[in-house]
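Worksheet: the structure to be examined is printed underneath.
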């Protein structure tokens, strides 16, 4: 009963914590504490193997990315080193993130640095990763992050300063883009095709329909300061979680369902004016919230990570009945 | 043998056929079929076969029998031959006698033809004689018959004379005064006399009186009389028609003419149509005049032009009178034409209102509107007088309802345009030198809103207090409309504001409005003005309007209850709420716009340099200036619009100082420790500090005061700064640079902001964040820090003075 992702330890000792949520859901147990050689900037766990994850790390001046495997524990807590499965060492510039395909087993990885997009093919038995293809994002764009479309194994979205770009991995070409600036995080709706949620620094949260990329189908006000992280619930339609630098996590209910087909924009406006999409705001954080994840097992549980290194697990069950 | 028989056979066969047809008793019976097994008795049948018979005979009979048969047969043949011979002779005899008879007939017929011709001649001469006799007698017989008929008639008339007066028709009386048959004969002359004297009524009376007689006997006895009098009547009809169409004749005469024409069975319908067309034409002219009047009224807002206005009014009155007269005439002339006339006058009223509504598209003062209404109402009254069946009152009410409603709504939309027009003025000179510009715009907006709505209320009051029947009856409705109008006006105002601020995309019909307003280019000042204007609406305008409204409504029976049913009520509280939330939204938008600019600035500052290879800090970085400039701009905008709040001069001894002292001690601590130790304990210390520190609420509710807005913007800016710092990895020099910049910012920011504790906290947070992200967080030595800051302050002062000096000269 692993809760979502492992917590990221931005400590000076650079550790990776493996955290387990107890069966009754009231206690967080640290199962393992592994040291990591460098400062971690991004951490993603493998969707099909809970012992494998990737990190993007910085040595101060240069960046690197690697795939790791958590060793078998056999009871002891102060464990040895992490086993490195593969090193993603083709990058030159600042690596931003490494992506897994969220919807199932796929031996491909995508890593994004400021200028390039890499597609890796990972062979975990041989402990090696090969660059399958690589494409430059263009001179004018500095990529900052991305997300892999859970509905289409060949499509990923990458964020850059002024837009969100969509790439086809087969041809490694840019297919389309949405003009939206300074996106911090993007997340695909895993239940609904074509729905993408973006979190921007100042303008809050936007929900997009990828078939109509001119205007967002919905806007949420976001946070008092920047909106940093956003995550769509894997099970409940329109349930969106956002974390911001105003030390709060907001739970939104913004169903996009059939409404975008039935009503026009104006109708939507009036409707969204009537119903406050903000369901709840969790404000008992000491500092900015940077990490968010829904539990894949129990979709009403989420974990959040704030700057002070605290992982908070909450259940949204009390608010689900309002649906 | 058969071949020899062949030529003979044809003839013989014909012969036999003829004979057999002649002699055979019944050929059909004779032609019956025979049994195959022929017997000897079949000798007399048609299908007798001689060979077969012979064979049969030879087979059956013995020689003696055969011989006997032979003898028998020979005798029979002989008998038959003689019979045949006899018949031939007989026939020949008959033929000879027939030939004789024919010869005799021929000789007898020869003398016949001559006799027949003689007979024909004689018959012809008899016929011509009889024709001659007939002809010579015909004229006389005719005359006799005519005389006889006249005699009969006269006899009848005489009988009539004997009958008592009571049973007589009036017209027949006339007949007798004039002397019976003499009257009919005198009729044409009499009609002629009447035409000369123009006594058409008498003429028609005579003619119609004579009509039955003409009908009965016109074909015969009084043929000539009839023809003559019909001619006379034709002239009469013509004269009458002329009279009917000549406008110079009095209505009475024309009406009489029409009646007479009708009596003469003249097809009046055509005339009616023609006259009606004429009426419609005059109506068209009238409408044009109405348009002129409205025009004139609209233009003549000045007192001086009142004369002109009056002139038009008089002209209008005259034309209306004319119309009314015509209608009256028409009614008298054609009494059964109400429906047409009603339609016509309804058209007139509708047109009136249409024109008025068209004029309403431009701005029309209430007085003018009232005057126009009054004119229309006068028209209605006039027409109503002539045409009470038209129920023009009710119709007018119906039509005027929509007109007044439209008037009310147009007044509101004008007001809306005024207010948004005042706002639009802010836009073009964005960031201009004109300092007071925002204030001016705000004042203009406030003024136009308040004054406009007061004027509106006054205007409506005028409408309500006017004792024009029309308005009195519609009073309740008008109050409802005004109420609903205010409600809608404020709703529209809200949307208009949103549109102006670019929060919502304009719909196509507002394209013209938004053309100049590209969403990116919306000035932040405008948004601030809008925010403050919303506050004004909520706090001042609505209470005042409500007050004024109740004052007005109090003078009449309030129609509140009815209005509630129709949902036509002005809800001040609801509107207040709407504007309250709108004002907050705008304020937030303003803050957002401003912080956005700041964060763009900061982003540039923090993403461009390579922090890990930063050089020694030599001076305060220039982004600080830009940051302060932005804040200054905010300050100047805010100063124009927002009021000064009660400055909370809490030096925050308890809160702020502890924080700063704590963080100061933190820094001091850091200084004393060795680098290796520091790194380990740093995180713990930060957390410890936070534990003991009261959590500073950074993001508090924004108030509508200068300080609150500025403070919020500073807070957000600093928070962004903190986040940007956290995203970088710094070397020692980078850290020191940030330390220096922040230290420099501390004083000016505290001067600007009201919540010093929070500012202190955030500034410290930036430094803590920077040290967190620093590979070697060694702060600058305080003396160096002071020196650099001092240099910067001196420089800024110098700049300020140099900027200030040219303006003072």
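The numbers here are math on the coordinates, done by the rules we state, and not lab data. Keep in mind that this is a model prediction, so the values were computed, not measured. Because the Cβ atoms are built from the backbone with ideal geometry, glycine has one as well, and the counts that use them run over all protein chains shown.
So the values come out like this:
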quantity: Candidates A:233, A:154, A:116: whichever shows maximal mean-square fluctuation once chain A is modelled as a Gaussian network with Cα springs under 10 Å; calculated: A:154
quantity: R0 of 56 Å, Cβ-Cβ distance residue B:455-residue B:751: FRET efficiency to nearest 0.05; calculated: 0.80
quantity: Computed E for residue B:462/residue B:626 - FRET, C-beta separation, R0 56 angstrom, nearest 0.05; calculated: 0.50
quantity: Order of B:96, B:784 - criterion: other Cβ atoms within 10 Å of each residue's Cβ, fewest first; calculated: B:96, B:784
quantity: Percent RCO, i.e. relative contact order, over chain A, from Cα pairs under 8 Å lying at least 6 residues apart; calculated: 9 percent
quantity: Pairwise label distance in nanometres, residue B:56 with residue B:262, each label 7 Å out on the Cα-Cβ vector; calculated: 11.2 nm
quantity: Longest to shortest principal axis, alpha-carbon extents of segment B:92-132, angstrom; calculated: 63, 13, 5
quantity: From the C-alpha gyration tensor of chain A, square roots of 5λ in Å; calculated: 30, 25, 17
quantity: Chain lengthening between residue B:87 and residue B:550 when straightened (0.36 nm per residue, less Cα-Cα); calculated: 151.9 nm
quantity: Full-extension gain in nm, residue B:99 to residue B:253, via 0.36 nm per residue minus C-alpha separation; calculated: 45.0 nm
quantity: Estimated inter-spin distance, residue B:198 and residue B:701, nm [label 7 Å along Cα→Cβ]; calculated: 9.4 nm
quantity: Quarter of Cα convex hull surface for segment A:163-219, i.e. mean projection, nm²; calculated: 4.0 nm²
quantity: Cβ-derived FRET efficiency at R0 45 Å, residue B:136 paired with residue B:108, nearest 0.05; calculated: 0.45
quantity: Fully extended contour minus Cα-Cα distance, from residue B:19 to residue B:573, at 0.36 nm per residue; calculated: 185.8 nm
